[in-house]
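Undergrad: Below you will find the structure I want to go over with you.
Each value in this text was obtained by applying a stated rule to the coordinates, not by laboratory testing. Keep in mind that what you see is a predicted model, and the values were worked out from it rather than measured. Note that we place each Cβ from the backbone using ideal geometry, even for glycine, and neighbour counts take in every protein chain shown.
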Amino acid sequence: MKKSKNLFLWIGSSILTFIFIISILAPWIAPYEIQEMDPPRFLEDGSWVAPPYPMSTKHWLGTDSNGYDILSQLMYGAKYTLLFISVTSVFRLLLALPIGMWIGWKEKKSTRSILKVIQLWNTLPILIIALLILSAVLSRTQSVQNQVFIQMVVIILLGVPALANTIHNHVKELKKSSFIEGAQVLGAGDYHILRKHIFPHLKPQLFLIWVMEIVQILLLVGQLAVLNIIIGGAEMTFEISTGDVLIKPNTSEWTGMLAISRYKIIQYPSIIIGPLIAYLMTIMSFIMVIEGLKEKDDLKQVSYELD
Amino acid sequence: MKIIRDFLMGLSFITIIAMFPTFFKYKQNPFMSFYHYFSNIIKLDFGGYKLNFYDRFAKPIFPDLFHFYSKSISYLIFSIIIGIALGILFSIVILLLKKKWRKPILWLNYFLISFPDFLLILILQALVIWIYQKTGTSIGNVYSRVDDEAILLPMITLSLFPFIYTLRNSLNTFEGIFTKDFILFAYAKGLSKREIIFSHMLKNALPIILASLPSILQVSIANLFIVELVYGIPGIMKLLYNNQTMEVIFPSLLFIWLTYFVVDVGIRFGKKQLQEGMAK
């Protein structure tokens, strides 16, 4: 019984390791090059076929409307998705940790007013604000690096207040413990207590908070992609066979691929299956890690906070 | 007093956010646009909107905004009520089940609570169209038209999160209450499980479930944004998305935020009253 308890943690972390290894090895193991297209071609009886090609032994997950192999695109795109979510979540944590610890520890008039501002900011809908700001700031003429940088900064900054509030709650809980009181009686300073007594007790919970933050960023990025804000931007091309307008994401990032391919879900369901499974698998394995971590004894008191 | 201070602070946040697009998109001085907007408001000129990008003329925003708002809010309120009611119902059913069956349902719960709403919409739309192609019966509208609005699919999408959240929350609280003395006493007196659940536990769990309303509302508002845009419902979120100007962002964001704010303040006030009543 005890062994099966952390089945979630095992499955989740092994799937994530698998995705991570694939993202590193993509240039060697992907069946096609990233820019390799499968153009429209004539068949022997004189008729012709155009992408998207369905699933076959040549293309395991089919091709998209431009003729790119979806499996290879997913393999190359994994590093963009993983890098984006990990960088944004780490920076969120790095910015929110000192703020949250300070306002949780010091109960002065200034910290209390900062807390009020933070808590009020959390009542605003983050998705709508992110959309308004990003669609105002981004333009198609910017380079891919600039667009990714701007998106990262906006997503990081909008998430910091909520995270600082969460950390503040944990620190406030820890502050009631007797060992803190003991250190205060012995004459330890604020900085010393925060560094030597509070931070070590916060450390195991910080990992869980970090994973939760990753799930939230994944959801936010996916929602933004559906609202046409794709990481790294996109460019317009034309479909070869019909002349329809096609949107091609600049990076083969998963949420972007998912959002773009949803327009063709009825005609060509094979386009969406690959990105859908990849995105869902990532998000579900992160959730498995969260639930597995919560089963651990030292993390049981952390509640599942959504915002 | 505190409420007025919070309201003014939220108002200033929204003003700053509303100034953002004018600054970056239209390259205007944000303070000048701010000044123009509020000086026009004093002259009772609230600006105009175009719901679709191909509309030729802008309509005056003000009486129409209430119409859009009431449409959005009716979707929100009905879906949350349905979600919470189903959540409580299902949690009672699960409690009446044997322990063996509870675990798989809890596992399902873990995965559904963070299920991306836009994927759910996508799957539902594709499913309805697929069923229509196979059998010829249409379950619900996939996209809103002027005379025929999509109702069933948006409701399912919107009520999933309240349902799962309430289910999880109420199961947790029920299990917490199970070990309390007064429940054990009721058992000892020979009351059946069903009687205990309906007469004792529901009464004690309801305040806790109601207290989770602000966090449900917060997620539901974000989901409503996606739902309105993907299903094409002409509500306040679609208005906001298609008109990113100060004239539209400021009032519509204010209305959206006020919905949350009023519920949050109301729940906090009710909680305080309840605690004071308990103390007496």
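Undergrad: Between 0 and 90 degrees, rounded to the nearest ten: what's the tilt of helix B:213-231 against the longest Cα principal axis of chain B?
TA: 50 degrees
Undergrad: For chain A, with a Gaussian network of springs between Cα atoms less than 10 Å apart, report the residue from A:Trp28, A:Trp105, A:Trp254 with the top mean-square fluctuation.
TA: Looking only at A:Trp28, A:Trp105, A:Trp254, the biggest GNM fluctuation is shown by A:Trp28.
Undergrad: For region B:52-58, what does the Karplus curve 6.51 cos²θ - 1.76 cosθ + 1.60, with θ = phi - 60°, yield as ³J(HN,Hα) per residue in whole Hz, taken in order and with x for Gly and Pro?
TA: Ordered by residue, 3J(HN,Hα) equals 10, 5, 8, 4, 7, 10, 7 Hz.
Undergrad: Using a/c under 1.5 as the rounded threshold, could you call region B:69-279 rounded, prolate or oblate? The axes a ≥ b ≥ c are square roots of the C-alpha gyration tensor eigenvalues, and prolate needs a/b larger than b/c, oblate otherwise.
TA: It is oblate, given that a/c is not under 1.5 and a/b is not larger than b/c.
Undergrad: Could you work out the mean count of beta carbons from other protein chains within 10 Å of each residue's beta carbon in B:219-227?
TA: Mean shielding count: 4.
Undergrad: Once amide H atoms are placed 1.01 Å from N in the peptide plane, what residues at a sequence separation of 5 or more from B:Tyr49, or on another chain, have their amide H within under 5 Å of its amide H?
TA: HN-HN under 5 Å from B:Tyr49: B:Lys59, B:Ile61.
Undergrad: Moving on. Kindly write out, for region A:132-145 in residue order, the coupling ³J(HN,Hα) from the Karplus curve 6.51 cos²θ - 1.76 cosθ + 1.60 (θ = phi - 60°), rounded to whole Hz, with x marking Gly and Pro.
TA: 4, 5, 5, 6, 7, 7, 7, 9, 5, 7, 6, 6, 4, 4
Undergrad: What is the distance in Å between the Cα centres of region A:17-54 and region B:128-165?
TA: 35 Å
Undergrad: Classify the protein assembly as shown as rounded, prolate or oblate from the Cα gyration tensor: take a ≥ b ≥ c as the square roots of its eigenvalues, call it rounded if a/c is under 1.5, otherwise prolate when a/b beats b/c and oblate if not.
TA: Judged from the Cα gyration tensor, the protein assembly as shown comes out rounded (a/c under 1.5).
Undergrad: With angles folded into 0 to 90 degrees, how steeply does helix A:199-226 sit against the dominant principal axis of chain A? Use alpha carbons for both and round to 10.
TA: Compared with the principal axis, the helix lies near 30 degrees.
Undergrad: Nearest 0.05, what FRET efficiency do B:Lys98 and B:Ser138 give at R0 = 60 Å with Cβ-Cβ as r? Spell out each step's value before the answer.
TA: Working: r = 39 Å, r/R0 = 0.66.
Once the sixth-power term is evaluated, E becomes 0.95.
Undergrad: What value, in deg cm²/dmol to 500, does the helix sum -39500 (n - 2.57) over DSSP H runs of n ≥ 4 give at 222 nm once divided by the residues of chain A?
TA: -21500 deg cm²/dmol
Undergrad: Classify chain A from the C-alpha gyration tensor, please: rounded if a/c falls under 1.5, else prolate or oblate depending on whether a/b exceeds b/c.
TA: prolate
Undergrad: Okay, next question. Once every DSSP H run of n ≥ 4 in chain B is given -39500 (n - 2.57) and the sum is divided by its residues, what mean residue ellipticity at 222 nm do you get, rounded to the nearest 500 deg cm²/dmol?
TA: When only DSSP H runs of four or more count, the value is -26000 deg cm²/dmol.
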